[in-house]
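K.L.:
One structure is given below, represented as structure tokens, and several questions about it will come after.
Please treat every number below as a calculation from the coordinates, not as lab data. The shown structure was predicted, so the numbers you read here are calculated from the model rather than taken from an experiment. FYI the Cβ positions are ideal-geometry reconstructions off the backbone, even for glycines, and counts take in every protein chain you see.
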Amino acid sequence: MRQTHLFTKTKKEAPADEVAKNAALLIKSGYVFKNMAGAYTFLPLGLKVIDKINSIIREEMDAIGGQEMHMPTLQDPSLWQSTDRWSDDNVDVWFKTELKAGGEVGLAWTHEEVITNLMRQYVSSYKDLPLFAYQIQTKFRNEMRAKSGIMRTREFWMKDLYSFCATQEQHDEFYEACAEAYMRIFNRIGIGKMTYRTFASGGAFTKFSHEFQTLAEAGEDVVYVNEAKNIAVNEEVLEEADLTELGVTREELTERKSIEVGNIFSLGTKFSEAIGLTYKDAEGIDMPVIMGSYGIGPARAMGTIVDLLSDEKGIVWPESVAPYKAHMIGLNGDDSEIRDYTDGIYSALQKRGVEVLYDDRVEARAGEKFADSDLLGMPYRVVVSRRSKENGKFEVVTRATGETRELTEEEMFADFTDS
């Protein structure tokens, strides 16, 4: 992508009304646009980041047997009434609207009811189980107060996976596999070292559920952490009996702010019994299916990366999710010979399969280009100038560390294609 072809532009100042660090930086750098409170447009650069996060999520969900699908956002009230989750007295986050033809529909904030009802068409025997289906889909929550930038919005992406098992053993095995897959996802997107599988209340279905909490000063949650034992708990399980079972004392735990980037729940047979999802066991007896649900918010993960990894200059993307691997800065662009030379390096990088954003702006000063490069946060900056043409070397700067190297064309190509 040539920067002159990119319709978005960086801003000199962050919006005054945006207090969340992630949104301020993403708006300033042209990754997102705030339409209104709780609703953002993901611009070309921002969408590329989301797509890469989603690709990593898909790879890990597919690896543990997940099958991707897509369910509707529009919801039939009667289905939700069967589980007593349609009433605003019980669930206060619904967006609801009237149909012109008459009747009311809702905009989904989750999909347990929908997928449970759907699976009645495909599950009849224990031989059909276990099965695991997921989607990455837009959801809606009628939040009283949208906050924390792109991390708590009224319209958002969610990866929600649902498991359907015949036995508790099947369920427990998948539950653990999904927890491990989640940690692989968070490691791959660059926040794994600060993310803890956090013990939370399991409600009526199991002793514990689990949240995945990333330690961050910008977080809106509070967790209690023992880093040496790699244990984190939320306030629900701070009671002595729970801590004893987990092998820690209250004195060993440190209170930390955090961002919830994922969660996994055992649902038992609550939804299958309410909606009538059963299977025949080996003796031909009808049994309710055992279920679980597993969520990750891709945009929430994106915001967490920005909050956690940015510095005073701007965003610092991990290579795995950066919209482009390299940001190539062309200098001396007023000289047609140098400009043609720089265009040639850009073409060569593309032919080698390197994702590159090329700052080909002629009118922009060098300082402006470098400041924009730091703000945009690509993993590497490549400077091409008259000096590069004369000595055959390019300045390559690693954004995360500030390390600067002088590389020949072949060294640069090899470095980018090998990493």
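K.L.:
What chymotrypsin sites (Phe, Trp or Tyr not before Pro) does region 50-123 have in DSSP loop regions with at most 16 other beta carbons within 10 Å?
P.N.:
122
K.L.:
While we're looking at this one, here's another question. Which distance in Å, rounded to a whole number, links the C-alpha centroids of region 139-169 and region 100-114?
P.N.:
Each part's Cα centre sits 16 Å from the other's.
K.L.:
While we're on this one: Among 322, 349, 378, flag the residue with its Cα farthest along the positive direction of the charge dipole of region 261-380, charges on Cβ as +1 for Lys/Arg and -1 for Asp/Glu.
P.N.:
My answer, from the dipole projection, is 322.
K.L.:
Can you tell which of 165, 285, 189 lies farthest toward the positive end of the dipole of the chain, using +1 and -1 charges on the Cβ of basic and acidic side chains (Lys, Arg; Asp, Glu)?
P.N.:
189
K.L.:
Can you give me the Cα centroid spacing of region 371-419 and region 230-269 in angstrom?
P.N.:
44 Å
K.L.:
Could I get the Rg over Rh figure for region 326-418? Both from C-alpha atoms, Rh via Kirkwood, rounded to two places.
P.N.:
Working: Rg = 12.1 Å, Rh = 13.1 Å.
Expressed as Rg/Rh, it is 0.92.
K.L.:
I need the Debye-formula profile for the chain: one equal scatterer per C-alpha, no solvent, reported as log10 I(q)/I(0) at q = 0.08 1/Å, two decimals.
P.N.:
The Debye formula, applied to the Cα set alone, gives -0.54.
K.L.:
Follow-up. Can you find, among 265, 90, 366, the residue farthest towards the positive end of the dipole of the chain? Put +1 on the C-beta of Lys and Arg, -1 on that of Asp and Glu.
P.N.:
Sorting the options by dipole projection puts first 366.
K.L.:
Further question: Using the number of other C-beta atoms within 10 angstrom as an exposure proxy, rank 47, 357 with the fewest first.
P.N.:
Working: 47 14, 357 23.
Going from sparsest to densest Cβ surroundings: 47, 357.
K.L.:
Label region 168-256 by shape, choosing from rounded, prolate and oblate, from the square roots a ≥ b ≥ c of the eigenvalues of the Cα gyration tensor; if a/c is under 1.5 it is rounded, and otherwise prolate applies when a/b is larger than b/c, oblate when it is not. Write down the numbers at each step before the final one.
P.N.:
Working: a/c = 1.81, a/b = 1.03, b/c = 1.76.
Oblate, because a/c is 1.5 or more while a/b does not exceed b/c.
K.L.:
Report the charge-dipole magnitude of region 326-418 in Debye, nearest 20, computed about the Cα centre from +1 at each Lys and Arg Cβ and -1 at each Asp and Glu Cβ. Numbers along the way, then the final one.
P.N.:
Working: 13 positive and 21 negative charges, 17 e Å.
It works out to roughly 80 debye.
K.L.:
Using only helices, what value at 222 nm comes out for the chain when you add -39,500 (n - 2.57) per DSSP H run of length 4 or more and divide by the total residues, to the nearest 500 deg cm²/dmol?
P.N.:
Working: 12 runs with 130 residues, N = 419.
After summing the helix terms and dividing by the residues of the chain, the value is -9500 deg cm²/dmol.
K.L.:
Tell me, 144, 302 in order of fewest to most beta-carbon neighbours within 10 Å?
P.N.:
Numbers: 144 8, 302 27.
Fewest-to-most Cβ neighbours within 10 Å comes out as 144, 302.
K.L.:
Given Cα pairs under 8 Å that are at least 6 residues apart, what percent is the relative contact order of the chain?
P.N.:
On the way: 810 pairs, mean separation 66.2, N = 419.
Computed value for the chain: 16 percent relative contact order.
K.L.:
Under unit Cβ charges (Lys, Arg +1; Asp, Glu -1), what dipole magnitude, rounded to 20 debye, does region 3-309 have relative to its Cα centre? Spell out each step's value before the answer.
P.N.:
Numbers: 33 positive and 46 negative charges, 365 e Å.
The dipole magnitude comes to about 1760 debye.
K.L.:
Would you mind checking 127/159; 21/193; 139/313; 207/270; 9/313 for any pair whose Cα atoms are more than 25 angstrom apart?
P.N.:
Values: 127/159 27 Å; 21/193 21 Å; 139/313 33 Å; 207/270 16 Å; 9/313 17 Å.
Distance filter (> 25 Å) returns 127/159; 139/313.
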